[in-house]
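I have placed the structure first, in the form of structure tokens, so that the comments after it can refer back to it.
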């Protein structure tokens with residue numbers, strides 16, 4: 001056994017070094033080079049810019065919208081909300097008192113803003129990442145009357161805008177990207 | 001539940017089954033050491049590695065030598081990772097200026113990635129430098145996966161060896177040749193393509209640090225970037241599961257949409273399912289592989305049905321407040337209920353542990369399925385390599401039980417199963433309940449353990465049980481409310497991961513060695529057929545009874561009690 005162990009040491013150490021160079025350095029660095037050459041916008045975070053070139057966010061990652069004039073994003077457990085340096089869900093159990101209390105408070109707020117009927121679940125639940133970029137179509141439509149009122153635009157035009165923005169991928173759920181929707185809203189002529 | 005949801009689930013199964021044979025065929029070429037088209041490019045790399053390390057790839061190793069070399073390599077890799085993590089503060093590739101990882105966390109993480117568990121007591125974006133992600137973690141994602149597949153090959157050879165020549169009697173292959181070929185001719189080329197697919201779909205791949213920006217509404221946001229895609233690819237394909245970011249595959253940068261989600265789920269299962277075909281081909285009867293896959297799919301689809309049903313039914317406590325629809329707490333809108341439920345069952349049936357939704361917030365019974373999948377030993381497709389060798393341990397017990405019933409010496413694919421193999425199989429299977437239940441019990445009574453759970457009541461117990469189950473089964477997913485970055489949990493979970501990996505592997509290799517030394521006996525009229533529905537049913541039964549029964553009392557204390565509280569409307 002002693003001789004066997006010695007015979008195992010050289011390959012173990014040499015292979016560790018060789019594979020570390022190949023898989024830990026060469027592979028990710030080569031992929032970075034190729035990705036930067038082929039898909040530079042995607043490889044650098046799919047950043048969305050305004051007309052002046054100022055970065056507004058990522059087309060992929062969600063950001064906080066809390067103001068009345070915008071469609072609001074979902075509750076978020078990432079830091080103080082949509083903190084991309086602290087992605088996280090709430091991890092609250094379905095039976096947790098904290099979840100029931102938070103939901104009751106959120107429901108009361110939506111009711112106060114005039115939302116009637118059953119509330120879409122995503123409107124009052126925190127996402128897994130805390131950075132969910134999307135809303136379900138129902139959760140966006142529920143906000144149409146408020147947004148239209150605050151902006152002084154006809155609600156029918158806002159509703160049509162939401163419907164325009166709905167994406168329906170083959171293997172996925174229908175959803176609306178909130179940053180894209182709110183940018184389109186800002187671009188809507190009065 | 002919706003029609004569209006079931007369409008997704010059935011599409012997933014259909015594509016998976018279509019992939020099984022091509023993947024299995026490629027794996028079989030590597031198992032045999034055949035030349036592939038990729039040898040033209042990577043052959044010189046392979047030979048160079050052997051020359052520098054002084055390896056003769058043709059030298060057969062007996063099981064003891066195979067195990068010893070495998071352990072030596074894993075310990076060397078473990079030490080490298082520990083060193084890089086501790087020193088990351090002074091190493092390059094650290095644009096965020098992160099400090100060195102504290103000792104207990106570096107210990108836990110090094111074991112976690114070496115054992116293919118990828119349990120993460122840390123939040124990636126706030127803890128790991130780019131260099132650590134690449135050099136300390138990505139490398140394990142390849143090599144722990146390659147090791148798993150190599151070990152499965154070793155066991156296949158035990159079954160497949162017909163009349164071994166005298167000098168290499170009991171030989172089960174060469175560990176170095178297996179690991180190097182699997183890495184160079186399967187994992188690495190697949191990841192090159194996969195990485196580019198992910199980048200094209202929106203996963204970042206850069207060495208830059210975070211982008212600071214002002215949002216449309218005027219708030220500040222800091223978006224961390226990094227070499228995400230190259231790690232994401234092998235994280236899924238190697239059933240590792242360790243995310244670049246804390247939120248893992250729920251994070252939009254790791255998993256931006258429905259298509260990436262679908263491909264991620266497939267890539268978790270692809271190699272594990274392919275290995276069932278490889279096994280059948282290796283023992284000269286592909287029906288043997290098909291019977292195994294059938295048993296796996298029965299268990300898998302049962303799990304999916306329960307979790308999807310429960311998550312779609314939603315949380316009655318929220319419905320009472322005027323909320324409608326399924327349980328969306330912890331889930332992303334772009335995946336919805338069906339793709340989140342399916343992902344959670346895939347990732348725990350295999351030993352992946354990546355998550356696209358937070359399992360801690362699943363309904364009690366929806367979360368019971370992932371927990372139970374792991375407690376069965378992750379033999380439902382399972383981790384790359386680890387799934388099939390774990391499954392074959394159950395197959396050995398199944399033919400043993402069948403043999404007891406009819407009073408004949410049991411045999412499986414032409415090899416007699418005798419007392420030695422059965423004892424070793426039981427030893428390997430007993431590790432899991434001992435580690436899980438023992439350490440959970442300890443943590444449920446001592447103050448260091450009780451400080452961990454976020455949620456109160458039965459769900460808090462579920463969090464502890466889930467952590468040790470995930471660690472011992474080398475899964476790595478979590479009921480993430482548990483605060484595990486403490487010396488207590490880092491230490492004990494590290495022990496559980498080590499036990500769950502290597503204390504299963506060593507008896508398994510001993511079985512491989514013992515089988516390899518046996519002469520092949522062709523199937524006779526009195527042999528129990530191991531390809532038909534009867535054997536599939538027996539296998540499912542043995543897995544549920546032996547694997548599952550041990551854990552029922554603990555499940556009653558956790559998820560079942562939690563479920564009863566939920567339907568009674570009791571908060572805790």
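Were the residues from residue A:21 through residue A:9 laid out at 0.36 nm apart, the gain over their Cα-Cα distance would be 2.5 nm.
The relative contact order of the range B:302-342 comes to 45 percent, based on Cα pairs under 8 Å that sit 6 or more residues apart. Taking a ≥ b ≥ c as the square roots of the eigenvalues of the alpha-carbon gyration tensor, the range B:178-334 is classed oblate because a/c is 1.5 or more while a/b is no larger than b/c. Distance between the 7 Å Cα→Cβ label points at residue B:405 and residue B:430: 2.5 nm.
Between residue B:64 and residue A:174, the simple label model (points 7 Å from Cα in the Cβ direction) yields a spacing of 6.8 nm. Largest GNM mean-square fluctuation across A:137, A:28, A:75, computed for chain A with C-alpha springs under 10 Å, falls on A:28.
Averaged over peptide B:41-54, how many Cβ atoms belonging to another chain are found within 10 Å of each residue's Cβ?
On the way: counts 0, 0, 0, 0, 2, 0, 0, 1, 6, 3, 1, 6, 9, 4.
Mean shielding by partner chains, rounded to a whole number: 2.
Across q = 0.18, 0.25, 0.33 Å⁻¹, the range A:2-43 modelled as identical point scatterers on its alpha-carbon atoms has Debye log10 I(q)/I(0) values of -0.60, -0.79, -0.96, in the order of the q list.
What residues of the range B:460-504 lie in the reach of a label at residue A:98, counting those whose backbone N is under 16 Å from a point 7 Å from the Cα along Cα→Cβ? Hits in the range B:460-504 for residue A:98 at 16 Å: B:460-464, B:479-485. Which value at 222 nm does chain B reach when only helices count, each DSSP H run of 4 or more adding -39,500 (n - 2.57), with the total divided by all residues and rounded to the nearest 500 deg cm²/dmol? Rounded to the nearest 500, it is -19500 deg cm²/dmol.
Using a Förster distance of 30 Å, how high is the FRET efficiency between residue B:36 and residue A:36, based on the Cβ-Cβ distance and rounded to 0.05?
Values: r = 30 Å, r/R0 = 0.99.
With a Förster radius of 30 Å, E is 0.50.
For a test of the definition: using alpha carbon positions, the gyration tensor, and the 1.5 limit on a/c, classify the range B:1-150 as rounded, prolate or oblate. Cα axes put the range B:1-150 in the oblate bin.
With a Förster radius of 30 Å, plug the Cβ-Cβ distance of residue A:159 and residue B:10 into 1/(1 + (r/R0)^6) and report the FRET value to the nearest 0.05. The computed FRET efficiency comes out at 0.30.
Three principal axis extents describe the C-alpha atoms of the protein assembly as shown; from largest down they are 90, 54, 49 Å.
Taking A:130, A:117, A:45 as the candidate residues, the one with maximal mean-square fluctuation in a Gaussian network model of chain A, Cα springs under 10 Å, is A:117. As I understand it, the value is the acute angle between the Cα axis of helix A:155-165 and the longest principal axis of the Cα atoms of chain A; what does it come to in degrees, rounded to 10? Roughly 20 degrees between the two axes.
Can you tell me how much longer the chain between residue B:47 and residue B:450 gets when fully stretched, taken as 0.36 nm per residue apart minus their C-alpha distance, in nm with one decimal? Don't skip to the answer; put the middle values down first.
Details: separation 403, 0.36 × 403 = 145.08 nm, distance 5.27 nm.
In short, 139.8 nm is gained.
Between residue B:193 and residue A:116, the FRET efficiency estimated from the beta carbon spacing at R0 = 45 angstrom works out to 0.35.
Per residue, what volume in Å³ does the convex hull of the Cα atoms of chain B enclose? Don't skip to the answer; put the middle values down first.
Working: hull volume 87.0 nm³, N = 572.
In chain B, the Cα hull volume divided by residue count equals 152 Å³.
The modelled label-to-label distance between residue B:287 and residue B:549, using points 7 Å beyond Cα along the C-beta direction, is 3.0 nm.
The angle between the Cα long axis of helix A:27-38 and the main principal axis of chain A comes to about 40°, on a 0 to 90 degree scale.
Working note: 222 nm ellipticity from helices only, DSSP H runs with n ≥ 4, each -39,500 (n - 2.57), summed and divided by the residues of chain A, gives -13000 deg cm²/dmol to the nearest 500. Once a ≥ b ≥ c are taken as the square roots of the eigenvalues of the Cα gyration tensor of the range A:47-187, is the result rounded (a/c under 1.5), prolate (a/b larger than b/c) or oblate (a/b not larger than b/c)? Oblate is the answer for the range A:47-187, as a/c is 1.5 or above yet b/c matches or exceeds a/b.
Each reported figure results from applying straightforward, stated rules to the coordinates on display, with no laboratory input. Small disclaimer: the values here were computed from a predicted structure and weren't measured. For neighbour counting, all protein chains shown are included, and Cβ atoms are generated from backbone atoms with ideal geometry for every residue, glycine included.
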